[in-house]
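Peer 1: I'd like to ask you about the structure that follows.
The values are calculated or read from the model by the stated rules, or taken from the named source; none is laboratory data. Note that the structure is a prediction, hence the values are computed from the model and not measured. Heads up, the Cβs are rebuilt from the backbone with ideal geometry, glycines too, and the neighbour counts pull from every protein chain shown. Areas reflect the complete protein model, heavy atoms only, side chains present, ligands, DNA and RNA absent. Shrake-Rupley method; radii C 1.70, N 1.55, O 1.52, S 1.80 Å.
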Amino acid sequence: MKHIENEIKVIKETEHEIAYMIRSGFLDENFAHENTKKMTMAFVNKRIRKMEDIVSVIKKTYDESSEEQQQVIKLRYWSNKNLTWDGIALELNMHRNTAINYKNDFIILVAKRLGWM
(Lines give C-alpha, C1' and ligand atoms only; values in the text may rest on other atoms or scores of the structure.)
Protein backbone atom coordinates (compact mmCIF):
# COMPACT_ATOMS: atom_id res chain seq x y z
CA MET A 1 0.00 0.00 0.00
CA LYS A 2 2.88 2.38 0.68
CA HIS A 3 4.14 1.97 -2.89
CA ILE A 4 0.73 2.87 -4.32
CA GLU A 5 0.41 5.81 -1.92
CA ASN A 6 3.75 7.09 -3.19
CA GLU A 7 2.64 6.73 -6.81
CA ILE A 8 -0.48 8.74 -5.99
CA LYS A 9 1.56 11.46 -4.26
CA VAL A 10 3.99 11.88 -7.15
CA ILE A 11 1.55 11.56 -10.06
CA LYS A 12 2.30 15.09 -11.34
CA GLU A 13 6.05 14.46 -11.25
CA THR A 14 5.52 11.17 -13.08
CA GLU A 15 3.56 12.95 -15.80
CA HIS A 16 6.38 15.48 -16.17
CA GLU A 17 8.97 12.68 -16.31
CA ILE A 18 7.02 10.87 -19.04
CA ALA A 19 6.76 14.07 -21.08
CA TYR A 20 10.47 14.76 -20.64
CA MET A 21 11.46 11.24 -21.70
CA ILE A 22 9.28 11.45 -24.79
CA ARG A 23 10.42 15.00 -25.64
CA SER A 24 14.10 14.17 -25.25
CA GLY A 25 13.88 11.34 -27.74
CA PHE A 26 14.84 8.83 -25.04
CA LEU A 27 18.46 8.49 -26.05
CA ASP A 28 21.68 10.37 -26.49
CA GLU A 29 22.89 9.92 -30.06
CA ASN A 30 26.45 9.20 -28.91
CA PHE A 31 25.92 5.54 -28.02
CA ALA A 32 28.90 3.49 -29.11
CA HIS A 33 27.01 0.42 -30.29
CA GLU A 34 23.75 -0.01 -32.20
CA ASN A 35 22.64 -2.98 -30.03
CA THR A 36 23.02 -0.85 -26.91
CA LYS A 37 20.76 1.77 -28.48
CA LYS A 38 18.10 -0.81 -29.31
CA MET A 39 18.20 -2.40 -25.84
CA THR A 40 18.06 0.98 -24.12
CA MET A 41 15.21 2.14 -26.35
CA ALA A 42 13.23 -1.03 -25.53
CA PHE A 43 13.85 -0.56 -21.81
CA VAL A 44 12.85 3.11 -21.88
CA ASN A 45 9.72 2.40 -23.93
CA LYS A 46 8.70 -0.31 -21.47
CA ARG A 47 9.30 2.02 -18.55
CA ILE A 48 7.27 4.80 -20.16
CA ARG A 49 4.37 2.41 -20.82
CA LYS A 50 4.44 1.25 -17.20
CA MET A 51 4.47 4.83 -15.92
CA GLU A 52 1.63 5.77 -18.26
CA ASP A 53 -0.41 2.77 -17.05
CA ILE A 54 0.04 3.80 -13.41
CA VAL A 55 -0.95 7.42 -14.12
CA SER A 56 -3.93 6.31 -16.20
CA VAL A 57 -5.25 3.93 -13.54
CA ILE A 58 -4.89 6.49 -10.75
CA LYS A 59 -6.67 9.17 -12.79
CA LYS A 60 -9.44 6.83 -13.93
CA THR A 61 -10.01 5.54 -10.40
CA TYR A 62 -10.07 9.10 -9.07
CA ASP A 63 -12.52 10.24 -11.76
CA GLU A 64 -14.84 7.33 -10.97
CA SER A 65 -14.71 7.92 -7.21
CA SER A 66 -17.39 9.69 -5.22
CA GLU A 67 -16.97 13.39 -4.54
CA GLU A 68 -16.25 12.66 -0.86
CA GLN A 69 -13.57 10.11 -1.74
CA GLN A 70 -12.02 12.56 -4.23
CA GLN A 71 -11.86 15.22 -1.53
CA VAL A 72 -10.08 12.83 0.84
CA ILE A 73 -7.55 11.82 -1.82
CA LYS A 74 -6.96 15.43 -2.87
CA LEU A 75 -6.38 16.61 0.72
CA ARG A 76 -4.26 13.61 1.68
CA TYR A 77 -1.96 13.49 -1.35
CA TRP A 78 -2.23 16.62 -3.49
CA SER A 79 -2.69 19.54 -1.13
CA ASN A 80 0.04 21.51 0.57
CA LYS A 81 -1.81 21.50 3.88
CA ASN A 82 -0.11 18.41 5.40
CA LEU A 83 -3.21 17.58 7.42
CA THR A 84 -3.46 14.68 9.82
CA TRP A 85 -6.38 12.27 9.48
CA ASP A 86 -8.14 14.24 12.18
CA GLY A 87 -7.54 17.45 10.22
CA ILE A 88 -8.83 15.92 6.99
CA ALA A 89 -11.93 14.62 8.77
CA LEU A 90 -12.57 18.00 10.38
CA GLU A 91 -12.15 19.88 7.11
CA LEU A 92 -14.48 17.49 5.25
CA ASN A 93 -16.95 17.19 8.11
CA MET A 94 -16.70 13.41 8.39
CA HIS A 95 -15.41 10.91 10.92
CA ARG A 96 -11.69 10.16 10.85
CA ASN A 97 -12.35 6.46 10.19
CA THR A 98 -14.58 7.31 7.22
CA ALA A 99 -11.78 9.35 5.65
CA ILE A 100 -9.30 6.52 6.21
CA ASN A 101 -11.74 4.00 4.74
CA TYR A 102 -12.19 6.17 1.63
CA LYS A 103 -8.41 6.28 1.23
CA ASN A 104 -8.00 2.54 1.77
CA ASP A 105 -10.78 1.68 -0.68
CA PHE A 106 -9.18 3.94 -3.29
CA ILE A 107 -5.74 2.37 -2.86
CA ILE A 108 -7.12 -1.16 -2.99
CA LEU A 109 -9.02 -0.40 -6.20
CA VAL A 110 -5.90 1.13 -7.80
CA ALA A 111 -3.87 -1.93 -6.76
CA LYS A 112 -6.43 -4.32 -8.24
CA ARG A 113 -6.64 -2.39 -11.50
CA LEU A 114 -2.85 -2.42 -11.81
CA GLY A 115 -2.77 -6.14 -11.10
CA TRP A 116 -0.69 -5.64 -7.98
CA MET A 117 -3.26 -7.30 -5.76
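Peer 1: If you rank THR61, THR84 by how much accessible surface each has, with a 1.4 Å probe, what is the order from largest down?
Peer 2: Descending order: THR84, THR61.
Peer 1: On the principal axes of its Cα set, how long, how wide and how thick is the chain? Give whole Å, largest value first.
Peer 2: The Cα atoms of the chain stretch 60, 28, 21 Å along the principal axes, largest first.
Peer 1: Ranked by accessible surface with a 1.4 Å probe, highest first, in what order do TRP116, TRP85 come?
Peer 2: My answer, sorted largest first, is TRP116, TRP85.
Peer 1: OK, next. What accessible surface, in Å², does a 1.4 Å probe find on LYS74, ignoring ligands, DNA and RNA and rounding to the nearest 10?
Peer 2: 110 Å²
Peer 1: To the nearest 10 Å², what's ILE22's accessible area with a 1.4 Å probe?
Peer 2: Around 90 Å² of this residue is reachable by solvent.
Peer 1: Shifting gears a bit: Give the ranking of LEU90, LEU75 by solvent-accessible surface, highest area first, calculated with a 1.4 Å probe.
Peer 2: So, going from the largest accessible area down, we get LEU90, LEU75.
Peer 1: Got a sec to turn the phi values of the range 71-76 into Karplus ³J(HN,Hα) couplings, 6.51 cos²θ - 1.76 cosθ + 1.60 with θ = phi - 60°, whole Hz, x for Gly and Pro?
Peer 2: Computed from phi, the couplings for the range 71-76 are 5, 4, 4, 4, 5, 6 Hz.
Peer 1: Something else now. Taking the Cα centre of the chain as origin, sum charge times position over the Cβ atoms of Lys and Arg (+1) and Asp and Glu (-1), and report the length of that vector in debye to the nearest 20.
Peer 2: 260 debye
Peer 1: Pairs to check: LYS46/LYS103; LYS2/LYS46; LYS81/LYS103; LYS81/LYS112; LYS12/LYS81. Give those whose C-alpha atoms are more than 27 Å from each other in this structure.
Peer 2: Check vs 27 Å cut-off fails for LYS46/LYS103; LYS81/LYS112.
Peer 1: With springs only between Cα atoms under 10 Å apart, run a GNM on the chain and tell me which of VAL44, VAL57, VAL72 wobbles the most.
Peer 2: Answer for the Gaussian network model of the chain: VAL44.
Peer 1: With point charges of +1 on the Cβ of Lys and Arg and -1 on the Cβ of Asp and Glu, referenced to the Cα centre of the chain, which listed residue (VAL44, ILE108, SER65) lies farthest in the positive direction of the dipole?
Peer 2: VAL44
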